[in-house]
Structure formats: C-alpha cells, structure tokens
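Here the structure is laid out as structure tokens; the discussion comes afterwards.
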Amino acid sequence: MTPQTQAQAQPQALPLLHSTVRAEWIDYNGHMSEAFYVLVFGHATDALMIETGLHSGYRESTGCSLYTVESHLRYLSDVPAGAELAVRSRVLGAAAKKARFTHEMYVVEAPGAEPAADAQPVATTELLAVHVDQKEGRATPFPGEVRDRFTELTEPAPDWAGRRIAEV
C-alpha cells in the first residue's frame, strides 16, 4: 500500500477538545457534576460541527443546524476540580439527514496534552443528530460537501458504542 493509499484508507482524526474542570463544576460528592460532563461534550459537538462545515456562518446563511435527538452517556470515573480534560470525537456514520458520533473524555497531564496511549476514558457519550431546517422545523438533507466531510471522517465504532442501558 502506498503512503497516499494508506492515508486515504485511514480516516482523518478530528482535533481534540481541551477544557479545565472549574471549581463551580464540582458537586456535593466532591467531583464533577453530571451536568458539566454534558457541557464539555456539548462543546466537543460544537467543535465537530465546525470541522464538518456546520459552523456559525453556515447556520446563519442557511437557517440549518444539527440537533441532537438521542444520546447515551457513560460516567466511568470521578473527575476532580482542576483536572485537565481532552475529548476525542469520532464520526461513526452519516446518512442523508443524520449523523452518529461519539466523544470520549480523558483526564490528561497538562493543558493541551494528548491522552496517554493506555489512558482509559473517564466518560463517553454516543449521539445521534439530525440536520434540521429551523425555518421549516423539519429534517433536511446535508449539503453534499458536509455529507462528504462526515464520510471522510467516519471511523469504526469503539466496542462500547451501540449499547443500551442494562436491565435492572
């Protein structure tokens, strides 16, 4: 396989989102409150939108945006105040009007750092989003270049994706 063919076979990774856990994000149990995991993951979705062409200029000129219609969040480890976070996003697939993607949150050593090769996520989320024409109030197909970008970024799903909540 030539380097060019190999590069085409491997999806282009999205940049990491970085954040620092603020003191006001800490709950009565002494670690990051569940609402702030959602906030950080929301910022990662915003970054993914920019990378796929669904940026503010696109939204303003078209009246279309990406709406999350389903999510599954897993809280895997406590996160203390002051922790440095890195969020990895993956596109798992896209169709005419919808996209499926994940975010994995890691605690890292320093601001802007990459997660260690053997790092385990402290939280994950899997999302299904729909491209919506806000004027019409309904789903509408992605423009070709946006759909193509989602396709270009698509990578295999991690083992934990696609699971449902366990029976009790």
Discussion item. Compute the helix-to-body angle for 144-153: its Cα long axis versus the longest principal axis of the chain, expressed 0 to 90° and rounded to tens.
Written reply: 40
Worksheet item: Against the longest alpha carbon principal axis of the chain, how many degrees, from 0 to 90 and to the nearest 10, is the axis of helix 34-51 turned?
Response: 30
Practice prompt. May I ask you to give the solvent-accessible area per residue for the chain, in square angstrom, as obtained with a 1.4 angstrom probe?
Written response: 58
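Work out, step by step, the length gained on full extension between SER33 and TYR75: first 0.36 nm times the residue separation, then minus their alpha carbon distance; give nm to one decimal.
Separation in residues times 0.36 nm, less the Cα-Cα distance, equals 14.1 nm.
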Discussion item. Between VAL168 and ALA119, what is the label-point separation in nm under the 7 Å Cα-to-beta-carbon projection?
Written reply: 3.3
Practice prompt. Over the alpha-carbon set of segment 75-133, work out the extent along each principal axis and list the three values in angstrom, largest first.
Written response: 40, 21, 19
Item to complete: Starting from the Cα of THR62, step 7 Å along the direction of its Cβ; do the same at TRP160; then give the gap between the two resulting points in nm.
Response: 3.1
Discussion item. When the expected Rg is taken as 2.2 N^0.38 Å, what fraction or multiple of it is the alpha-carbon Rg of the chain?
Written reply: 1.10
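The values are calculated or read from the model by the stated rules, or taken from the named source; none is laboratory data. Values in this document were obtained by computation on a predicted structure and should not be read as measured data. Note: ideal-geometry Cβ built from the backbone for every residue, glycine included; neighbour counts use all protein chains shown. Accessible surface is based on the protein model in full, side chains and every heavy atom, while ligands, DNA and RNA are left aside. Shrake-Rupley method; radii C 1.70, N 1.55, O 1.52, S 1.80 Å.
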